[in-house]
Every structure is written in structure tokens, then in C-alpha cells.
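Participant: Got a structure for you, written out below as C-alpha cells; questions coming shortly.
The values are calculated or read from the model by the stated rules, or taken from the named source; none is laboratory data. Keep in mind that what you see is a predicted model, and the values were worked out from it rather than measured. We place every Cβ from the backbone using ideal geometry, glycine too, and count neighbours over all the protein chains shown.
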Amino acid sequence: MAVAGSGGGTDFPAKLTGQVVLCSLIAAFGGLMFGYDIGISGGVTSMDDFLLKFFPVVYEKKHRAKENNYCKYDNQLLQLFTSSLYLSAVVCSWAASFCCKRFGRKRTMQMAAAFFLLGVVLNAAAVDIYMLIAGRICLGAGIGFGNQAVPLFISEIAPAKYRGGLNVCFQMLITIGILIANVVNYFTSNIHPYGWRISLGGAGFPAIFLGLGSLLIVETPTSLIERGKREEGLRALKTTRGVDDVEKEYEEIVRATEIAKKVKHPFRNLIMKRSSWPQLFCGTILQVFQQFTGINVIMFYAPVLFQTMGLGGDASLLSAVITGSINAASTLVAVFGVDKFGRRKLLIQAAVQMLIAQVFVGVILAKHLKITNAIPMPFAYLTVFLICVFVMGFAWSWGPLGWLIPSEIFPLETRPAGFFFAVSTNMICTFIIAQAFLTMLCQMRSGIFFFFAVWIVVMGSFAVFLLPETKGVPIDEMNDRVWKKHWFWRRFFRNEDEEQAKC
Ligand code: BGC
């Protein structure tokens, strides 16, 4: 599955056609699907009607008079509701990488929409916990298929010049999805007893748009050529680029797919070849770091977290709407800033900002939120403000760049396999955070914020010392211009030619 037929560093003649914009927008509904799901779970798991029906033990605990503030939501099954989706997404993104190659990106996106819709129906109509979890597994399949196919599709369909911007738009739609979910939860929490069904059912809209929309879009030229449909691929290239003079790019795609075909075992190549390790390490660790900023504690559990601090049910959902809006708005800084300031500057600046916010939240909770009291209101609001500062930093750095950098640092032969490692690492880490957070909150109390703060120090240092700058470097020249020149990573390229012969 070759990704970089889409232009790489060479300037190929191309216009930004209406067709490309429309196709990218339709595909980005996959991001909306993903984001909606991230945002909806937290609100739903704090709704009494939902808890009473599926998690009566948690409901009891929540309403017991002198219940421990930090432990009222701690329940493995409740966490499994949120996290089962990510486990299923890991397995399914593996399967999706094969479907992408065999059936094309367009078909894989259609499969994503179908799985997701099935999951929505099971969830919205759930009568017991098993139906609920089965629904989550299908949603996970939808996300696994979507997240593997959509970024690939956008990268291939977009002219090289606009690829970066369009990629960050995928993240933009994730954040809009999270925000819509927060708003929906805010209103449905007052609809009794079935508000939660409306929240979960709402996920059907982006899936229907993606499913129907994908009937209108064209398959990417790279995918067509890769599957032997060269003439169709050439025609698709002409219409998507809006020019007739596409010979050079066509040849480049053919060349790229030929090389990719020669590498029979891209996964083995990645793992065995020393010169692949720097990209593999950096691409994967960035996703670990992205998740261990603690962002999804806020995205999944913001309402639960705010209730823990003593804000009422409505106030806490409203606060989640505020953090969601800040998340979406701040992503715009990345859209415009990433090619201007560079990746490292954004990552380092945001690490400092997020560190300060995490430490202050930890200190406030340690001082003011004991086991059974409610936090004084001014401090509750200050905490919401600090969480907004944290989210802002994430939204213009570790969020979008956690996806962008892994998609641009691998050489063509190992790019899809490398990207798969990044996607699955993201899902596994999201699963770990989703599954463990409520228990960690219960055990570590305010210490959890210091736990994430330590991670932020580690990732900030990584960005300072080990992460090379990739801004403005043509995608196919990364090895020569970035890795081989980096003070640390260049040592991995010493015997590159001998190794290449072995793989
Ligand atoms: C992350 C998600 C996160 C979202 C928040 C994405 O880049 O992968 O896990 O919830 O950003 O905006």
C-alpha cells in the first residue's frame, strides 16, 4: 500500500480542484465519527438513567451520602464500556491495512461506515450490558477501518502542496466531533429516561454521511495503479489534479508502487533494519506521548472529573462543552502555524504550558479536594480554567502532530506499515488510559495529575534533544536531509547499504 505517490517533494502541476476538496471533506467525516465517539462516552457514563440501567452499582455508589470523592465512578465494567472500542480498533486497523491494499481506500471507508452504523444501532437499542459492549466492538471496527483509510485517502488525493493542511483538517474534524458530542450530551442529559439513547444514536449521522458520501467520491489514483488499474488511475489523476499534464506524477506513482511491491515484508523490514529504527521509534513514541499527556482523561471523563470536583451535573457537562470549544478553536493554530513555526517549537512550547497547568491542577486538588468534601467554588472554576489552558496547548501541538509526524517521516517502502504501528499504538494507549483512569483516580487521587506531569517532562525533553525538525522537508528526502544528519540518529545509517541487500 503506497502512500507517497501523491507527490512527495517534487512539484507536480496540480490545482486544488473542487473535487479534491469535496472528496477530502466527505472522507473527513471519518474523523467526525471518531471525535463524536471520544466525546460522547464521558457524558453518557455520568447520566443517572444510563447508570441505573446498566451499572446500578456505580449509580448506588455515586449517590451514597459520604462516598469517597475520588472513587465514586471506579468500576471495571464501566471503564470497559469506554475502552472496549479501542481494543477492537487495534485489531481492526490491522485488518483494514490489508483491505486498503486489496480493495482500495474507498471500499475500506465504506466498510468503516457499515461497521460503525451497526455499532450505533446496537448501542442505541441496547437492553443489556452485553449488547452495549457488542455495539462498542462494532464501533471500534468502524474506527479502526476509518482511521487507517481516511488519512491515507486524503494524503493520496491531495496535491503535495496542500497535503499538510488537509491532514490537520482531519484532526480538526475530530475536535469538532468531540464538541458536537459534548453539546448533544448537555441537552440529552435532561431528557429522561432515554437521553443516553439519543446521545449514542447521534453517532449514526457522521457514519451515514460517510457511507452515502463515499458513493460519490473517486478512488485515489495511487490505489488504482497499485491494484493494476493503470488507465483508470491515469484518468483519476487527471481529474483530481485538474490538469492534463500529469505524466511525471503518474510515472512517480508507478515507480513508487513498483518499489513498494519489491519490499515483500515491510513489517520485517521495519523491525530488522537498523536504519528503520529511528523513524519507527519516533513515530511510535510520539503516539505514546500523545496519550500520556493525559488528554483523554479530559476528553472521556471531563464531566465525571468536574462532578468529582463538586460541580453539579449540568455545570460539569457545560464545562465539557467549554473545553471542547477550546480544543476545536485552538487546532486552527496548528493548521496555520505548523509550517510556519515548525513542529518542534510547537511541541516544546506546549509541553511547558501543559506542565504548568497539570501541576497547578494537582496542587489545587491536593489542597482542597479531600475524600468527602466539595471543592470551594472559586477553586473549581480555577481548575476548569487550568484544564482549558492544558487543552489549548495539546490542540496545537501533541494532538495534530502526533498524527502528522508519523505520516511524514517514513520512507515510501515502509510508510504504510510504519503508520499502522503509529495508529495501533495510539489505540492501545487510549485503551490503557480509558481502562485505568477511574481506578487510578481512586487510588492516586490528585497524584494522578503529577503522574501525567512527569510524562510531560519526559516528552518535552524528547522533543528538545531527540526529535528532528521536519518542517518544509520534502517527504521523500527525509532520510537524506533529516535522519542521516541528526546528531544522534545518524549512527543508525552507517551500514545501510549492506542491510538493504539482506532485506
Ligand atoms: C487524539 C485523541 C484525542 C483528540 C483530542 C487526537 O489527536 O488521538 O485521542 O481525544 O486528539 O482532540
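Participant: How many residues are surrounded by fewer than 23 Cβ atoms within 10 Å (Cβ to Cβ) and at pLDDT 90 or above when one looks only at segment 388-404?
Facilitator: 3
Participant: While we're on this one: Filter segment 21-63 down to the residues that are surrounded by 18 or more Cβ atoms within 10 Å (Cβ to Cβ), aliphatic (A, V, I, L, M) and closer than 24 Å to I143 by Cα and list them by number.
Facilitator: I26, A27, A28, L32, M33, I38, I40, V44 - these are the residues of segment 21-63 that are surrounded by 18 or more Cβ atoms within 10 Å (Cβ to Cβ), aliphatic (A, V, I, L, M) and closer than 24 Å to I143 by Cα.
Participant: Name the one entry in F449, F420, F385 that is closer than 25 Å to F153 by Cβ and at pLDDT below 95.
Facilitator: The match here is F420.
Participant: Anything in segment 207-244 that is assigned to a helix (DSSP H, G or I), in contact with a helix residue (DSSP H, G or I) (Cβ under 6 Å, 6 or more places away or on another chain) and more than 24 Å from C138 (Cβ to Cβ)? List them, or say none.
Facilitator: If the condition is that a residue be assigned to a helix (DSSP H, G or I), in contact with a helix residue (DSSP H, G or I) (Cβ under 6 Å, 6 or more places away or on another chain) and more than 24 Å from C138 (Cβ to Cβ), then P221, T222, S223, L224, I225, E226, E232, G233, L234, A236, L237, T240 are the ones that fit.
Participant: Condition (residue is farther than 24 Å from L365 by Cα and not in a helix (DSSP H, G or I)) applied to segment 475-486: is it met by at least one residue?
Facilitator: Looking for residues that are farther than 24 Å from L365 by Cα and not in a helix (DSSP H, G or I), one finds at least one in segment 475-486, hence yes.
Participant: Which residues, counting only those in segment 24-40, are more than 10 Å from the ligand (Cβ to nearest atom) and more than 24 Å from E219 (Cα to Cα)?
Facilitator: Y36, I40
Participant: Is it the case, given these coordinates, that M131 is hydrophobic (A, V, I, L, M, F, W, C) and in contact with a Leu (Cβ under 8 Å, 6 or more places away or on another chain)?
Facilitator: Considered against the rule, which asks whether it is hydrophobic (A, V, I, L, M, F, W, C) and in contact with a Leu (Cβ under 8 Å, 6 or more places away or on another chain), M131 comes out as yes.
Participant: Shifting gears a bit: Just need a number here: residues in segment 106-137 that are in contact with a Phe, Trp or Tyr (Cβ under 8 Å, 6 or more places away or on another chain), in contact (Cβ under 8 Å) with a residue 40 or more places away in the chain and part of a helix (DSSP H, G or I).
Facilitator: Residues that pass the stated criteria total 8.
Participant: Within segment 170-179, is there a residue that is more than 12 Å from the ligand (Cβ to nearest atom) and in a helix (DSSP H, G or I)?
Facilitator: Scanning segment 170-179 turns up no residue that is more than 12 Å from the ligand (Cβ to nearest atom) and in a helix (DSSP H, G or I).
Participant: Where in segment 343-447 are there helices (runs of 4 or more DSSP H), lying fully within it, with 1 or more residues that are closer than 24 Å to S319 by Cβ and either acidic (D, E) or away from the ligand (no atom under 16 Å from the Cβ) (or both)?
Facilitator: So the answer is 343-368, 377-395, 415-444.
Participant: Oh, and also: Are any residues in segment 180-197 more than 16 Å from the ligand (Cβ to nearest atom), closer than 17 Å to D314 by Cβ and assigned to a helix (DSSP H, G or I), and if so, which ones?
Facilitator: V184, Y186, F187, T188, G195, W196
Participant: If you don't mind, there's one more thing I want to ask. Taking the conditions exactly as written (at pLDDT 85 or above and of a type outside the set (S, T, Y)), does G472 satisfy them or not?
Facilitator: no
Participant: Return a yes/no flag: does segment 299-306 have any residue that is under 17 Å from L179 (Cα atoms), among the β-branched types (V, I, T), more than 10 Å from the ligand (Cβ to nearest atom) and out of contact with any Ser or Thr (no Cβ under 8 Å at 6 or more places or on another chain).
Facilitator: Taking every residue of segment 299-306 in turn, none turns out to be under 17 Å from L179 (Cα atoms), among the β-branched types (V, I, T), more than 10 Å from the ligand (Cβ to nearest atom) and out of contact with any Ser or Thr (no Cβ under 8 Å at 6 or more places or on another chain).
Participant: Failed condition for K261, given (1) more than 14 Å from the ligand (Cβ to nearest atom); (2) closer than 20 Å to L467 by Cα; (3) of a type outside the set (F, W, Y), with all others met?
Facilitator: (2)
Participant: Just checking, which of R490, R481, R445 is more than 28 Å from A328 (Cβ to Cβ) and in contact (Cβ under 8 Å) with a residue 12 or more places away in the chain?
Facilitator: Exactly one residue qualifies, and that residue is R445.
Participant: Check whether at least one residue in segment 21-40 is acidic (D, E) and assigned to a helix (DSSP H, G or I), and report yes or no.
Facilitator: Checking segment 21-40: at least one residue is acidic (D, E) and assigned to a helix (DSSP H, G or I).
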